[in-house]
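Enquirer: Take a look at this one; I'll ask things after.
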Amino acid sequence: MQSWVEAECMHSLQLLFRASHVALLLLFCLLLGTNEAQEDTRRVMIMDVDMPQIARADEEVTVKMVVKTELRECMVIKTYLVSNTPMDGPFNYKYTGCLCQDYPRTFYWDFPTNSTMVIAAVVDVVRQLNICPNNKAVMPIEANRFHVLKTLYIH
């Protein structure tokens, strides 16, 4: 028969043993949560470029670009088009704006063309004052130029 002291001692050891498992499990979960929190999967620039794939010679073509970010901070951006064919007029328009997570930006270019061309829609993150509110904007460290390539076929 066990004495009262032995029973209490055994009960205390059992609680301690169970508590150590709980503590280890809690520590393991915290470590997993910390590792996942350290992985930053927010995208700096999300570009959606919409334009026809095929057009007729001298037909006016519209390029629409929607730019978004998943960053919490705003950025000053400059957007423009570049092609393998020299172009004049509205094709060369450059737009500057403030891009914030809760305020995506949409840009348009309308231009005629006579030949098949590869078009790069480009977004540069730039350092420029008086664009974002209170001049509060960030510059990404890894890259500050983003682009999407599209081909426009003329028939």
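The values are calculated or read from the model by the stated rules, or taken from the named source; none is laboratory data. Please read all numbers here as calculations on a predicted model, not as lab measurements. Virtual Cβ from ideal backbone geometry, glycine too; neighbours counted across all protein chains shown. The area values use the complete protein model at the heavy-atom level, side chains included, leaving out ligands, DNA and RNA. Shrake-Rupley method; radii C 1.70, N 1.55, O 1.52, S 1.80 Å.
Enquirer: Can you run down the residue pairs with Cβ atoms below 6 Å, 6 or more apart or on separate chains, where the first is in the range 78-90 and among the charged types (D, E, K, R) and the partner is open to solvent by less than 60 Å² (accessible area, probe 1.4 Å)?
Expert: Between residues of the range 78-90 that are among the charged types (D, E, K, R) and residues that are open to solvent by less than 60 Å² (accessible area, probe 1.4 Å), the close pairs are LYS78/THR96; LYS78/ASP124; LYS78/VAL126.
Enquirer: Is it the case that TYR103 is in contact with a strand residue (DSSP E or B) (Cβ under 8 Å, 6 or more places away or on another chain) and either without any contact (Cβ under 8 Å) to a residue 24 or more places away in the chain or not aliphatic (A, V, I, L, M) (or both)?
Expert: no
Enquirer: Any chance you could count how many residues in the range 106-125 are open to solvent by 60 Å² or more (accessible area, probe 1.4 Å) and within 29 Å of GLU73 (Cα to Cα)?
Expert: The total comes to 2.
Enquirer: For the range 84-103, how many residues meet the condition of being part of a strand (DSSP E or B) and either crowded, with 16+ Cβ neighbours inside 10 Å or of a type in the set (Phe, Trp, Tyr) (or both)?
Expert: 6
Enquirer: Does VAL123 count as under 17 Å from ALA137 (Cα atoms), in a loop (DSSP other than H, G, I, E, B), hydrophobic (A, V, I, L, M, F, W, C) and touching a Ser or Thr at 6+ places or on another chain (Cβ under 7 Å)?
Expert: Against the criterion (under 17 Å from ALA137 (Cα atoms), in a loop (DSSP other than H, G, I, E, B), hydrophobic (A, V, I, L, M, F, W, C) and touching a Ser or Thr at 6+ places or on another chain (Cβ under 7 Å)), VAL123 does not qualify.
Enquirer: State which residue is modelled with the lowest pLDDT when the search covers only the range 33-58 and only residues that are in a loop (DSSP other than H, G, I, E, B), more than 20 Å from THR106 (Cα to Cα) and not acidic (Asp, Glu).
Expert: Among them, the one singled out is THR41.
Enquirer: May I ask you to list the residues in the range 126-155 that are open to solvent by less than 100 Å² (accessible area, probe 1.4 Å) and either farther than 19 Å from VAL67 by Cα or without any contact (Cβ under 8 Å) to a residue 60 or more places away in the chain (or both)?
Expert: VAL126, GLN128, ILE131, CYS132, PRO133, ASN135, ASN144, THR151, LEU152, ILE154 - these are the residues of the range 126-155 that are open to solvent by less than 100 Å² (accessible area, probe 1.4 Å) and either farther than 19 Å from VAL67 by Cα or without any contact (Cβ under 8 Å) to a residue 60 or more places away in the chain (or both).
Enquirer: Go through (1) among the charged types (D, E, K, R); (2) open to solvent by less than 70 Å² (accessible area, probe 1.4 Å); (3) outside any strand (DSSP E or B) one by one and return the number of the condition LYS78 breaks.
Expert: (3)
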